[in-house]
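Before any comments, here is the structure.
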Amino acid sequence: RNLSSFSLASSSGGMSEPSLRQLVGDLAIDDADVAQNHGVGCAPVRGRESHTSDLDCFDRYVYIMRTGRELLAREEEEEKEEEAGEGPGPGPGAEGIDSASAASNASRTAPFHAAFWEYVRSILSSAKPVGFDELDDPDAVIPKGPDEANAFLQKAVGIGPLNPIEATALAKDGGFAEEEVLTELLYATRAGAVRMQFAPECDRCGSVVTARDCLGDLPPRAACEGCNYPNDINSMDRIKVLFLFNSDILYVLMDNFACTPSQESFAKTQLFATVPATSTGSGFRYSVGIGEGKELRPALEPGKYRMHCPVAKTDNFLVVEREAKENEEPHCCKLKVSDVVCHPPTFPRRASVDVAGTAADHRSQLKTLTVPHGKLHFDVYPDTRSFFVLWVQEDCEEDVLMRLPEEERSSYTKATSVIHNRAFNKLFSDQVVSANPDAMLAIQNVVLVFTDVVGSTDLYATIGDGPALQLIRKHFRVLFGAFTQRGRVVK
């Protein structure tokens, strides 16, 4: 039994390749131009609205996960029965070890949690199209009013617990044990239903600094991809473990994770509207100050504003020069998302970072959109193929807009907890060590336990090679079962 190959192929219960393909379906997507995509989001699919789910595909993966787990459990039970039939017989301390060997169950496959996946399905079922169609012409826009903008916002919020999946929050919302949820997600990662990512928490905005599939591949230092704040990555307790559905199950075009603004920051908001990405790059029109029930808000007052979207990695200023006259036509503000994307700075591996200087440099490099007055048509073109938030705030100090206080942050599943999880040690034992020479992850307060069997030579001579070998194997199963509850085994 090779647990490292637990995947769509190995969990099929011995299905032939054609029947497995029929079960999973054709997961290939249409070819698409993703040259302008930042490289993080999935490839766009023509004609499919972002933030939508495919429940049939989800059900197929659930079937694969359930049957795969049942297969592993049967194999483990057969192995357990074989070992019981080869017991060592009465020997020194054999009865005590036999009773203690129940701890070896810690390394066995956890039973499939059907109720959890039913709960997940109920959330996915709300991810339906709400009328944000795309156009073939990438220079065309579709006007959207407040009701339509709110419908997409509500959909995005509704699937929030699954985009991304955070085990601690999902367990709390669904009334499950966190360890159970984490175990299910780890097995789902092996099956290909979700993707596991290790994501350090930003010291300033509380969002994700960067994300890697392997824990050991995290850099020692990086600027937050959402707020551009420089972070040292040196604590396992500051690394979130997130899970993302593959795009066949939950199709979301987005290039970064969202952030949670502080209460003080959100109070500065003047306009907040969600703009889904399209495969063609065609856009949507959101208007302010035009009346007729089609405006998202009254006209903007003269002044300087900040426009920031951590999901699409954009940041810029907006300047409104004067008040709009009563009969004045709205000004058309053509906004291509690619024009205001900000790329976070890179840092040398060991050099110190001037945090204040980095923030000042970032602000000085932001572009400014200038409009004559506050009656506006925002024609937004998501040409980077990423979900975009048209978020306009009063301009003020960086820390007011970007910093999320510790008391307003939510708890999350930490990397420390995950590497102590039994399923993680069973399925991802190669995750921590990295061949990347730039990776530098400080792990502190590690306890190393070395064990040996005293008198093993005499034991073999006393009860024979076969019984002694079985006794030694049981001995190590007891130890490994205990160690994997709070750590890992290196042998």
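For the range 291-315, which positions are open to solvent by 10 Å² or more (accessible area, probe 1.4 Å), among the aliphatic types (A, V, I, L, M) and in contact with an Asp or Glu (Cβ under 9 Å, 6 or more places away or on another chain)? Listed by number, the list holds a single entry, ALA299.
Before we move on, is PHE245 modelled with pLDDT of 95 or more and either of a type outside the set (Ser, Thr, Tyr) or under 30 Å from ARG409 (Cα atoms) (or both)? Yes, satisfied.
In this structure, does SER126 turn out to be modelled with pLDDT of 85 or more, assigned to a loop (DSSP other than H, G, I, E, B) and polar (S, T, N, Q)? In short, yes. When you check PHE272 against the structure, is it within 19 Å of the chain's Cα centre (by Cα) and of a type in the set (Phe, Trp, Tyr), yes or no? It is false that PHE272 is within 19 Å of the chain's Cα centre (by Cα) and of a type in the set (Phe, Trp, Tyr). For the range 220-255, the set of residues classified as open to solvent by 10 Å² or more (accessible area, probe 1.4 Å), within 19 Å of CYS342 (Cβ to Cβ) and assigned to a loop (DSSP other than H, G, I, E, B) consists of GLU225, ASN228, TYR229, MET254, listed by residue number.
Looking only at residues of the range 354-412 that are open to solvent by 40 Å² or more (accessible area, probe 1.4 Å) and among the hydroxyl-bearing types (Ser, Thr, Tyr), we find that the one that is modelled with the lowest pLDDT is SER364. Could you please let me know if PHE483 is more than 19 Å from SER207 (Cβ to Cβ), crowded, with 17+ Cβ neighbours inside 10 Å and either at pLDDT below 90 or in contact with a strand residue (DSSP E or B) (Cβ under 6 Å, 6 or more places away or on another chain) (or both)? Yes, satisfied.
Scanning the range 426-464 for residues that are among the aliphatic types (A, V, I, L, M), modelled with pLDDT of 85 or more and either within 22 Å of the chain's Cα centre (by Cα) or buried (at least 16 other Cβ atoms within 10 Å of the Cβ) (or both) returns LEU427, LEU459, ILE463. Cβ separations smaller than 9 Å between residues 6+ apart or across chains give the following pairs from the range 130-143 residues that are closer than 18 Å to LYS334 by Cα to residues that are surrounded by 15 or more Cβ atoms within 10 Å (Cβ to Cβ) and among the aromatic types (Phe, Trp, Tyr): PRO138/TYR381; ASP139/TYR381; VAL141/PHE284; VAL141/TYR381; ILE142/PHE132; ILE142/PHE284; PRO143/PHE284; PRO143/TYR286. Select from the range 136-150 the residues that are at pLDDT 95 or above and of a type in the set (A, V, I, L, M) and write down the one among them that is farthest from TYR119 (Cα to Cα). The extreme case among them is ALA140. Scanning the range 179-192 for residues that are closer than 16 Å to GLU118 by Cα and open to solvent by 40 Å² or more (accessible area, probe 1.4 Å) returns a single hit, GLU180. Within the range 131-154, being surrounded by 18 or more Cβ atoms within 10 Å (Cβ to Cβ) and part of a loop (DSSP other than H, G, I, E, B) holds for PHE132, GLU134, LYS144. Across the range 193-219, the qualifying residues are those that are open to solvent by less than 30 Å² (accessible area, probe 1.4 Å) and charged (D, E, K, R), and the one among them that is nearest to the chain's Cα centre (by Cα) is GLU201. Please work out if HIS331 is modelled with pLDDT under 90, farther than 30 Å from ALA127 by Cβ and touching a Lys or Arg at 6+ places or on another chain (Cβ under 8 Å). So HIS331 fails the test.
The values are calculated or read from the model by the stated rules, or taken from the named source; none is laboratory data. Computed from a predicted model, the values in this text were never measured in an experiment. As a convention, Cβ positions derive from the backbone with ideal geometry for all residues, glycine included, and neighbour counts pool all protein chains shown. These area figures cover heavy atoms from the full protein model, side chains too; ligands, DNA and RNA do not enter into them. Shrake-Rupley method; radii C 1.70, N 1.55, O 1.52, S 1.80 Å.
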